[in-house]
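A.B. asks: The structure's right below; bear with me while I get my questions together.
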Amino acid sequence: MVTWDLSLPSLCRAFEKYFKIGNILAHKDWEEADTLEMFKHHYNALTPENCMKPEYMSKAKGEYFFDNIDKHVDFAEKNGMDMIGHTFVWHAQSALWLNRNEDETPVTRAEARANMEAFIKEYAGRYSGKIHSWDVINEAFIDSGGEEPFKGSWRSYIRRETDNPRAVGHWFLAYANGADVAKGECGSDYVFDSFYFARKYDPKAILYYNDYNEEFDHKCTIIPQMVNEINEQWKKHPEYDGRMLIEGIGMQSHHNHQHTDIERIRRALEAFIKTGAKISITEMDFTFGSSAEPANPLSPENAAKQTEMYVELFKLYMEYSKHIERVSFWGTNDLKSWRSWGAPTFFDNDSQAKDVFHKVIALTK
């Protein structure tokens, strides 16, 4: 078994003047002492890959599973890392009881709100003061099918009913079930409530909205619009505390060589910064090929292109570093990545540093 080379420069120390550097830990990583030592060497922010997602946290009303999360939180605390909570509200990987009946029909608006509060109270309350930031909502918006900016209100583009069962917006449907339209209520009201409950039960944590394809023009339009509107709504709330309610925007940054454009990412950064929110790169990877046509290991030509693109991305992040809290990768090496077919990380299948690692580190010298 090949082990990690801990004589390499530390990623987080190299970038300590700019932003935190994070990554994920998966379930099997806890069985590998050398992986945990590598993590302490390279990273100062930790996101669990799966155990904090709603379905792993609670599969039935009143039933919660904290052991795996406790392990992550303790590890982060002992090693001076920012602990990232991922996530409270998501259309995917969420238990039925939160917003649906046994027959998959939506519960009522009142039931959904009560369930959301109970879930976040139990979850955030347990870790209050120990989580640096929460990805409160993950991936609320539909994809556009193109790159044109959305028109009108962000509320029109929240996930809802769809033929794809994996993309149904169950929180929207539940909040719409019993909404008083005459009073201006609608399904998208769950957005405010989720951030409100997160603030209520973990008041010190920074609250993020997190999404993918965030650099494309449609999400560049609606994400800032949503952040601004929710924050204005919060200012009128009797419990307004002087802080923004949505304080951060998470750019997942799952990039592919066919679609990534540095100037488009720059425009997204500038659009998000205008909201006053902090920015984090939350789930970064950069692939070649596809699951149908794997490109791992990379050809010398693709490896050079990957290095060039990562270097350009980090130059951009360093340019905007006063607005960027963190850059987190989603996978410790190419083999462990959820997109392993595309060899997307700084470390190859054998955990050896690729040329991209050295070239990106060199930017800080």
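A.B. asks: Does Lys305 qualify as being open to solvent by 10 Å² or more (accessible area, probe 1.4 Å), closer than 17 Å to Met251 by Cα and free of Cβ contacts under 8 Å to residues at least 60 places away in the same chain? If you could, list the steps in order and put the result at the bottom.
C.D. replies: Working: open to solvent by 10 Å² or more (accessible area, probe 1.4 Å): yes; closer than 17 Å to Met251 by Cα: no; free of Cβ contacts under 8 Å to residues at least 60 places away in the same chain: yes.
In short, no.
A.B. asks: So how many residues does region 200-217 have that are over 24 Å from Trp330 (Cα atoms) and either in contact with a strand residue (DSSP E or B) (Cβ under 6 Å, 6 or more places away or on another chain) or open to solvent by 10 Å² or more (accessible area, probe 1.4 Å) (or both)?
C.D. replies: Our first condition is that a residue be over 24 Å from Trp330 (Cα atoms); within region 200-217, this holds for 200-204.
Keeping just the survivors that are either in contact with a strand residue (DSSP E or B) (Cβ under 6 Å, 6 or more places away or on another chain) or open to solvent by 10 Å² or more (accessible area, probe 1.4 Å) (or both) gives 200-201, 203-204.
The number of residues fulfilling the criteria is 4.
A.B. asks: Can you report the number of residues in region 319-338 which are within 26 Å of Tyr208 (Cβ to Cβ) and open to solvent by 30 Å² or more (accessible area, probe 1.4 Å)?
C.D. replies: Result for region 319-338: 6.
A.B. asks: Among the residues of region 250-296, write down those that are open to solvent by less than 30 Å² (accessible area, probe 1.4 Å), at pLDDT 95 or above and of a type in the set (S, T, N, Q).
C.D. replies: Gln252, Ser253, Thr275, Ser280, Thr282, Thr287
A.B. asks: Here are Ile222, Ile265: which of them is among the β-branched types (Val, Ile, Thr) and in contact with a helix residue (DSSP H, G or I) (Cβ under 6 Å, 6 or more places away or on another chain)? Steps first, please.
C.D. replies: Values: Ile265 fails: in contact with a helix residue (DSSP H, G or I) (Cβ under 6 Å, 6 or more places away or on another chain).
Only one candidate passes the filter, namely Ile222.
A.B. asks: I would also like to ask the following. Based on this model, can you work out whether Asn228 counts as polar (S, T, N, Q) and either modelled with pLDDT under 95 or closer than 18 Å to Ile142 by Cβ (or both)? Even if it seems obvious, please write down each step before you answer.
C.D. replies: On the way: polar (S, T, N, Q): yes; either modelled with pLDDT under 95 or closer than 18 Å to Ile142 by Cβ (or both): no.
No; evaluated as a whole, the condition is false for this residue.
A.B. asks: Still on this structure, please answer the following. Which members of region 63-80 meet the condition of being in contact (Cβ under 8 Å) with a residue 24 or more places away in the chain and either buried (at least 16 other Cβ atoms within 10 Å of the Cβ) or touching a helix residue (DSSP H, G or I) at 6+ places or on another chain (Cβ under 8 Å) (or both)?
C.D. replies: Step one: list which residues in region 63-80 are in contact (Cβ under 8 Å) with a residue 24 or more places away in the chain, which gives 64, 66, 68-69, 71-73, 75-77, 79-80.
Correct list: Tyr64, Phe66, Asn68, Ile69, Lys71, His72, Val73, Phe75, Ala76, Asn79.
A.B. asks: If you don't mind, another one. Is it fair to say Ala174 is farther than 30 Å from Tyr317 by Cα, at pLDDT 95 or above and either open to solvent by 40 Å² or more (accessible area, probe 1.4 Å) or touching a Pro at 6+ places or on another chain (Cβ under 6 Å) (or both)?
C.D. replies: On the way: farther than 30 Å from Tyr317 by Cα: yes; at pLDDT 95 or above: yes; either open to solvent by 40 Å² or more (accessible area, probe 1.4 Å) or touching a Pro at 6+ places or on another chain (Cβ under 6 Å) (or both): yes.
Yes.
A.B. asks: Which one is nearest to the chain's Cα centre (by Cα) among residues in region 318-361 that are over 20 Å from Met38 (Cβ atoms) and of a type in the set (A, V, I, L, M, F, W, C)?
C.D. replies: Ile324
A.B. asks: Could I ask something else about it? Considering (1) at pLDDT below 95; (2) surrounded by fewer than 19 Cβ atoms within 10 Å (Cβ to Cβ), say which one Cys220 fails and leave the rest.
C.D. replies: So Cys220 meets the others, but not (2).
A.B. asks: I've got another one for you. Against the condition at pLDDT 95 or above and more than 14 Å from Ile137 (Cα to Cα), how does Tyr209 come out, does it pass? I'd like the intermediate steps shown before the answer.
C.D. replies: Working: at pLDDT 95 or above: yes; more than 14 Å from Ile137 (Cα to Cα): no.
Answer is no for this residue.
A.B. asks: Report the residue count in region 13-35 for those that are in a helix (DSSP H, G or I), closer than 20 Å to His86 by Cα and open to solvent by 30 Å² or more (accessible area, probe 1.4 Å).
C.D. replies: Taking region 13-35 and keeping what is in a helix (DSSP H, G or I), we get 13-14, 27-31, 33-35.
If we keep only those that are closer than 20 Å to His86 by Cα as well, we get 27-30.
Checking the rest, the ones that are also open to solvent by 30 Å² or more (accessible area, probe 1.4 Å) come to 27-28, 30.
Here the count works out to 3.
A.B. asks: Which of the following residues is crowded, with 19+ Cβ neighbours inside 10 Å and modelled with pLDDT of 95 or more: Arg126, Arg159?
C.D. replies: Working: Arg126 fails: crowded, with 19+ Cβ neighbours inside 10 Å.
Among Arg126, Arg159, only Arg159 is crowded, with 19+ Cβ neighbours inside 10 Å and modelled with pLDDT of 95 or more.
A.B. asks: Another question, then. Quickly run through region 340-355 and pick out the residues that are over 13 Å from Ser253 (Cα atoms) and part of a loop (DSSP other than H, G, I, E, B).
C.D. replies: Ala343, Phe346, Asp348, Asn349, Asp350, Ser351, Gln352, Lys354
A.B. asks: Next question. If I go through region 50-59 residue by residue, how many of them are open to solvent by 30 Å² or more (accessible area, probe 1.4 Å) and either outside any loop (DSSP other than H, G, I, E, B) or of a type in the set (D, E, K, R) (or both)?
C.D. replies: Start the filter on region 50-59 by keeping residues that are open to solvent by 30 Å² or more (accessible area, probe 1.4 Å), which leaves 50, 55-56, 59.
From the residues that got through so far, the ones that are either outside any loop (DSSP other than H, G, I, E, B) or of a type in the set (D, E, K, R) (or both) too are 55-56, 59.
Number satisfying all stated conditions: 3.
Yes or no, residue by residue, for (1) within 29 Å of His259 (Cα to Cα); (2) part of a loop (DSSP other than H, G, I, E, B); (3) without any contact (Cβ under 8 Å) to a residue 24 or more places away in the chain:
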residue	(1), (2), (3)
Tyr196	no, no, no
Lys204	no, yes, no
Tyr208	yes, no, no
Asn213	yes, yes, no
His218	yes, no, no
Thr221	yes, no, no
Pro224	yes, no, no
Val227	yes, no, no
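A.B. asks: Within the set of pairs 6+ apart or on separate chains, which have a first residue in region 260-286 that is closer than 24 Å to Ile230 by Cβ, a second that is of a type in the set (Ser, Thr, Tyr) and at pLDDT below 95, and C-beta atoms under 9 Å apart?
C.D. replies: If the second residue must be of a type in the set (Ser, Thr, Tyr) and at pLDDT below 95, the pairs left are Ala271/Thr221.
The values are calculated or read from the model by the stated rules, or taken from the named source; none is laboratory data. What you see is a predicted model, and the numbers here were worked out from it, not measured in a lab. Note that we place each Cβ from the backbone using ideal geometry, even for glycine, and neighbour counts take in every protein chain shown. These area figures cover heavy atoms from the full protein model, side chains too; ligands, DNA and RNA do not enter into them. Shrake-Rupley method; radii C 1.70, N 1.55, O 1.52, S 1.80 Å.
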